[in-house]
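Quick notes on the structure that follows.
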Amino acid sequence: MIEEFLASDLSAVEEAVRKAAAVEIMPRFRQLAAHEVDQKSGPHDLVTIADRRAEEHLTAELTRLLPGSAVVGEEAVHADPQVYAALRADAPVWIVDPVDGTRQFVNGDPGFCTLVALALRGEILASWTFAPALDELATAVRGQGAYVNGERILAGSPQPGAALRVAIAHHLYTSDEDKRILERLDVPGVTARPCGSAGLEYLKVARGEMDALAFTWPSAWDHAAGLLLVAEAGGAQSTVEGVLFRVDRDNALPFAVGRDEPTMLRVRELLRGA
């Protein structure tokens, strides 16, 4: 079933993503009332009515498009952590972050996106990264390349001798131990800055606009779409244990993503303290 689905016209998935943004997200962009924004774990972990409604919309549409599939969405997992276990089951699973970059969305910043990935037994098979306020849609299907608005993209390699541009986990969402490890990137030849929307940071690496990423948290909805996008653009990724980050298992953190393998390896080794 999954092979037939991937071989079919996937424009219906794109349409579902675009419609969720058009109906549930963009009408609320820069229009949120105070009661439409809540905190989850703390003042920097926000959720809005747009997050919840868009995830509900996508859950209904995606499972209709692929009967028998499950959905692991950020808001559903917050309500019931057991939902995450679907990533280890045998059914196809949609991994959904309805508004990646909620902090930016709440602040009226266009740097947010909707992330959807399709996985089976931990393998990411297809992904959609849609930034509605920027009118950009990035897509990838395993083995078929990475595209933005229909144009193929390649990550390429950094300029020889240039400082590596690295986006790292934002200090608002990192522990003291995370900060200590990320400080290992404070070396000559590396220019690090806090990341914004994870999905858009992955897109920048896939386009060659950033050289690498260093992330310290495992949430599948933040990483699944971007990992496939970067891989299909020619990039590489690895945990500090030297194995691929996977959405269906516990991973050693942090992990590194690079626009090419040498870049990823350099960042990974710095994170390891090597």
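Summarising the label geometry, the points placed 7 Å from Cα in the beta-carbon direction at TRP217 and HIS171 lie 1.7 nm from one another. Per residue, the solvent-accessible area of the stretch 1-99 (1.4 Å probe, heavy atoms of protein chains only, all protein chains present) comes to 51 Å².
Distance between the 7 Å Cα→Cβ label points at ASP80 and GLU269: 4.7 nm. Coupling constants for the stretch 37-45 follow from the phi torsions by the Karplus curve (6.51 cos²θ - 1.76 cosθ + 1.60, θ = phi - 60°), and in residue order they are 10, 10, 9, 9, 7, x, x, 9, 10 Hz; glycine and proline get x. Projecting the Cα atoms of LEU66, GLY150, ALA21 onto the charge dipole of the chain (Cβ charges, centred on the Cα centre) puts GLY150 farthest toward the positive pole. Each of HIS35 and GLU136 was given a label point 7 Å from its Cα along the Cα-to-Cβ line. The distance between the two points is 3.7 nm.
Nothing charged except the Cβ atoms of Lys and Arg (+1) and of Asp and Glu (-1): what's the magnitude of the dipole of the chain about its Cα centre? Round to the nearest 20 debye. Kindly include the intermediate steps, with their values, before the conclusion.
Working: 26 positive and 40 negative charges, 108 e Å.
I would put it at about 520 debye.
Annotation: amide H-H contacts under 5 Å for ILE153 (H modelled 1.01 Å from N, sequence separation of 5 or more, or interchain): ALA146, TYR147, VAL148. For LEU125, the amide hydrogen comes within under 5 Å of the amide hydrogens of LEU118, ALA119, LEU120, counting only partners 5 or more places away or on other chains and with H modelled in the peptide plane. In the chain, the DSSP-assigned H stretches of four residues or longer account for a calculated mean residue ellipticity at 222 nm of -9000 deg cm²/dmol, using -39500 (n - 2.57) per stretch and the full residue count as denominator. Solvent-accessible area of the chain (1.4 angstrom probe, protein heavy atoms only): carbon and sulfur portion equals 50 percent. Remark: C-alpha extents of the chain on the principal axes read 49, 45, 35 Å, sorted largest to smallest. Converting phi to 3J(HN,Hα) with the Karplus coefficients 6.51, -1.76 and 1.60 and the offset θ = phi - 60°, the stretch 200-205 yields 6, 5, 4, 4, 5, 5 Hz in sequence order, with x at every glycine or proline. Between the listed residues ALA214, ALA233, ILE181, the Cα displaced farthest toward the positive end of the dipole of the stretch 146-274, a dipole computed from Cβ unit charges relative to the Cα centre, is found at ALA233.
Computed over protein heavy atoms with a 1.4 Å probe, the accessible surface of the stretch 213-253 works out to 31 Å² per residue.
The values are calculated or read from the model by the stated rules, or taken from the named source; none is laboratory data. Predicted model, so just to flag it, every value in this text is computed and none were measured. Neighbour counts run over all protein chains shown; Cβ positions are idealised from the backbone, glycine included. Ligands, DNA and RNA are excluded from the accessible area calculation, which covers all protein heavy atoms including side chains. Shrake-Rupley method; radii C 1.70, N 1.55, O 1.52, S 1.80 Å.
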